[in-house]
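Okay, structure first, notes after.
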Amino acid sequence: MMVSALIERELASAAFPIRDGVFVAVVGPSGAGKDTVIGYARAHFAEESRLEFVRRVITRPSDAASEDHDTLAEAAFIEAEADGAFAVAWEAHGLRYGIPADVDWSVANGHVAVANVSRAIIPVLRERYANLAIVEITASPEVLAERLAMRGRESRGEVLARLARSANVKLAGPGITSIDNSGPREAAGERFAEVLRKAMAFSDMSGLI
């Protein structure tokens, strides 16, 4: 999990924003199906070496109902963050989330990194990566409520409060693609796959300049 000393030295000398590759930030409210759409693309591009689907670090145990992620206890997460283990980190819903620091190396070397992130850290990502594509996965309020209820992690009141908070978050700025995932996952998955194809094409051209 800890970034190697060699990568640390390279990143320490690199200027921000990081160029050449593309960071694809997948955002959206809980229940929109971000992990489902990302999983569709991961299977679709299984042989594509230019794409990196980032494995997050979360202070929550893994289970079959949630994304495949690395787990750290909160104290260990705080220590890892202080040691520079994460490119970006944030807190949400009582948990800590981190994107491993070696994603910077991947983007700097012309790869396309795909990560599920919080909408709150978009300003940080804009400063860190020169080529940032933001994909907002959405769904109708009825679909969001149904999916959150099926998870069984929260009470009805907590679900309603989460939906209310999400409704108040509005994205602005360049490079935003919105994908409605209320219907079949293949429909949203194909739209997302097209975004990734464009990101790879852009990264290829950027490497030639």
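The values are calculated or read from the model by the stated rules, or taken from the named source; none is laboratory data. Bear in mind the structure is a predicted one, so any value in this text is a computation, not a measurement. Heads up, the Cβs are rebuilt from the backbone with ideal geometry, glycines too, and the neighbour counts pull from every protein chain shown. Note: areas computed on protein heavy atoms with side chains; ligands, DNA, RNA excluded. Shrake-Rupley method; radii C 1.70, N 1.55, O 1.52, S 1.80 Å.
Output the Kirkwood hydrodynamic radius of segment 59-130, Cα pairs only, in Å rounded to one decimal. All intermediate terms of the calculation are to be shown ahead of the outcome.
Working: mean 1/r = 0.0752 Å⁻¹.
Result for segment 59-130 stands at 13.3 Å.
Each label was represented as a point 7 Å from its Cα along the Cα-to-Cβ direction; for L95 and T177 these points are 2.6 nm apart.
Report the full-extension gain for the segment S62 to E79: residue separation times 0.36 nm, less the Cα-Cα distance, to one decimal in nm. Mind showing how you got there, number by number?
On the way: separation 17, 0.36 × 17 = 6.12 nm, distance 2.03 nm.
Result for the pair: 4.1 nm of gain on full extension.
Ignoring any ligand, DNA or RNA, what whole percent of the accessible area of segment 9-132 comes from carbon and sulfur when the probe is 1.4 angstrom? Reported share for carbon and sulfur atoms: 49 percent. Judged by the mean number of other Cβ atoms found within 10 Å, the most tightly packed of the peptides 113-123, 32-42, 140-150 leads the ranking 32-42, 113-123, 140-150.
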